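Student: Before we start, here is the structure in question, set down as structure tokens.
What follows draws every value from the coordinates through simple rules; no lab data is involved. Just so you know, these numbers come straight off a predicted model, no measurement behind them. So basically every Cβ, Gly included, is an ideal-geometry build from the backbone, and we count neighbours across all protein chains shown.
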């Protein structure tokens, strides 16, 4: 696996523990030294983020995350701040016990029953209750303490991982701290950026604690965090070119009453630079499509014989937006999948695949949301969301295709197990038609010569970033067609 810079590499909690151990073996960065560096880095983030804060409530758990918290309290006390430390149980490791004693020399340690008043008077809360090793729902005093933090509505700095959030999956089973900022130690934990992670981490900052780059390379990473740049795969076009050199997308869909979905997908393919885009749809939709977007070549198709010549002329197929699951839908879908043409499969195209699992062409991208992924895997949506990394890898391997699992922190996987995570996007994109636009974006990029992995990764990034640009500070009310103008800018990075 190619080495990535720490800013882009995503790790499991086990991999970070291995990095921690190797740092001690190879670089004399023992646990106490790393804990001291973590505390100093976290306090620097706190001071930079809340420079006027004078009183802290520091919550320390029993593990090394609690040790970090005790030393943050020491840093704050040395800087002249008023600090209240609330401990959840005794320190359970040697390094945490040493940190606890370091704080005890400076001030008292309070019990969880005292937390309410201390939280109420704090300017900032430091969450050091549980770190990346937590794998169970919080219960009892721990759950009550986290609930009190959330109810206080005070700014919260989480150390490494907000307590209660699964660092590997991004899921919350029960309750978790909703942090304002999270300072992450050594390496990015993959669960911070998907599922429930973004709702609990706030703004994230990485502090590698001085672990040497060579150690990161020796351990390897689990997934890649996409950085938003597409210059490497979307080079400026030559002046001497023509539409035939940029691919021909055929969008297949739009059963009765669902013309909008296939129109969104088709226009998105145009907006990202496909040379030609045709639409195969119900005859009742053709006039409206031609009037609304004359650049699209909309054709009426009533069955397999009518669509076959359109499929033959196309270089890439976008199958599923508004397709439905009728006999007409299945007939068009069957011709598309058996054609061997590169394709993007979404929406009802995926629902038909769940019912009739045909082999897919070699260059194929599936773009399920969690519900569609659940149908393809034969599990519940809750099971998909409980570990999105497992789900997307299983889908990619089962269908031998590149898969985009949509949602907060969309994931892209290939059959070899490689995963990329998109950290862009916003809640306003949870509206009808957004997935249809993504289908067209990926198909349009495939048509321009990108391979399935490149098209999926670049497509997810430009789609999400277009959503962010279109939403600005007002995500509620965002509609799918709002993405078209920023999409055009993003796929022309030389002029952005």
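Student: Listing 481, 380 from the residue with the fewest other Cβ atoms within 10 Å to the one with the most, what is the order?
Tutor: 380, 481
Student: How large is log10 I(q)/I(0) at q = 0.08, 0.12, 0.15 Å⁻¹ when the Debye formula is applied to the Cα atoms of segment 9-222, each weighted equally and without solvent?
Tutor: So the normalised log intensities work out to -0.23, -0.54, -0.87.
Student: If each residue's Cβ is checked for other Cβ atoms within 10 Å, how do 389, 130, 484 rank with the fewest at the top? Can you show the working numbers first?
Tutor: Values: 389 24, 130 27, 484 18.
Going from least to most buried by this count: 484, 389, 130.
Student: Got the relative contact order for the chain handy, in percent, Cα pairs under 8 Å and 6 or more residues apart? Could the numbers behind the result be given before it?
Tutor: Details: 1120 pairs, mean separation 62.7, N = 496.
Once normalised by length, the contact order is 13 percent.
Student: Still on this structure, please answer the following. With percent of Cα pairs over 37 Å apart in mind, check (i) 28; (ii) 42; (iii) 36 and report the label derived from this structure.
Tutor: Computed from the coordinates, percent of Cα pairs over 37 Å apart corresponds to (iii).
Student: A follow-up question, please. In whole angstrom, note down how far apart the Cα centers of segment 402-468 and segment 270-321 are.
Tutor: Cα centres, segment 402-468 to segment 270-321: 22 Å.
Student: Return the calculated 222 nm mean residue ellipticity for the chain, to the nearest 500 deg cm²/dmol, obtained by summing -39500 (n - 2.57) across DSSP H runs with n ≥ 4 and dividing by the residue count.
Tutor: The per-residue figure over the chain is -13000 deg cm²/dmol.
Student: For the chain, find the longest principal axis of its Cα atoms and tell me its angle to the long axis of helix 259-271, 0 to 90°, nearest 10.
Tutor: 80
Student: Still on this structure: If you rank 93, 208, 113, 194 by fewest surrounding Cβ atoms within 10 Å, what's the result?
Tutor: By the 10 Å Cβ count, ascending, the order reads 113, 93, 208, 194.
Student: Take the Cβ-Cβ distance between residue 217 and residue 416 as r, set R0 to 22 Å, and report the resulting FRET efficiency rounded to the nearest 0.05.
Tutor: 0.65
Student: Also, I was wondering about something else. Return, ordered by residue number, the residues of segment 458-496 whose backbone nitrogen is under 16 Å from a label point located 7 Å along Cα→Cβ of residue 245.
Tutor: none
Student: Now a separate question. Assuming R0 = 25 Å, can you tell me the calculated FRET efficiency for the pair residue 430 and residue 7, based on Cβ-Cβ distance, to the nearest 0.05?
Tutor: That pair, residue 430 with residue 7, gives E of 0.35.
Student: Continuing with this model, one more query. Using R₀ = 60 Å, calculate the FRET efficiency as 1/(1 + (r/R₀)^6) where r is the Cβ-Cβ separation of residue 199 and residue 238; round to 0.05. Write down the numbers at each step before the final one.
Tutor: On the way: r = 45 Å, r/R0 = 0.75.
With a Förster radius of 60 Å, E is 0.85.
Student: Need one number: nm distance between label points at residue 104 and residue 55, each 7 Å from Cα along Cα→Cβ, rounded to one decimal.
Tutor: Taking the two extended label points, one gets 2.6 nm.
Student: Cα axis of helix 388-399 to longest principal axis of the chain: angle in degrees, 0 to 90, nearest 10?
Tutor: That works out to roughly 30 degrees.
Student: If each residue of separation counts as 0.36 nm, what is the full-extension length gain between residue 327 and residue 44 once their alpha-carbon separation is subtracted?
Tutor: Length gained between residue 327 and residue 44: 95.6 nm.
Student: Relative contact order for segment 243-490: what percent, with Cα pairs under 8 Å and sequence separation of 6 or more?
Tutor: 20
Student: Also, quick follow-up: With a Cα-only, solvent-free Debye model of segment 201-316, what are the log10 I(q)/I(0) values at q = 0.20, 0.21 Å⁻¹?
Tutor: -1.07, -1.15
Student: May I pose another question? Restricting the calculation to Cα positions, tell me the Rg (one decimal) and the Dmax (whole number) of segment 243-490 in Å.
Tutor: Values for segment 243-490 (Cα only, Rg and Dmax): 16.3, 49 Å.
Student: Return one number: the angle in degrees, 0 to 90 and rounded to the nearest 10, between the long axis of the Cα atoms of helix 327-338 and the longest principal axis of the Cα atoms of the chain.
Tutor: 80
Student: On to the next question. Considering Cα pairs under 8 angstrom that are at least six residues apart, work out the relative contact order of segment 87-190 and quote it in whole percent.
Tutor: 26
Student: Another question about this same structure. Determine which residues of segment 449-475 fall in the zone a paramagnetic label at residue 227 would reach in this model, i.e. backbone nitrogen under 19 Å from the point 7 Å along Cα→Cβ.
Tutor: Zone members listed by number: 454-466.
Student: Determine the percent antiparallel among the DSSP beta bridges restricted to segment 9-222, to the nearest 5. Mind showing how you got there, number by number?
Tutor: Numbers: 1 of 27 bridges.
Of those bridges, close to 5 percent are antiparallel.
Student: Debye sum, Cα scatterers, segment 66-141, no solvent: what log₁₀ I/I(0) at q = 0.12, 0.23 1/Å?
Tutor: For segment 66-141, the Cα-only Debye profile gives -0.33, -1.19.
Student: Does a label point 7 Å from the Cα of residue 114, set along Cα-to-beta-carbon, have any residues of segment 53-75 with amide nitrogen under 20 Å, and which are they?
Tutor: Hits in segment 53-75 for residue 114 at 20 Å: 54-63, 66-75.
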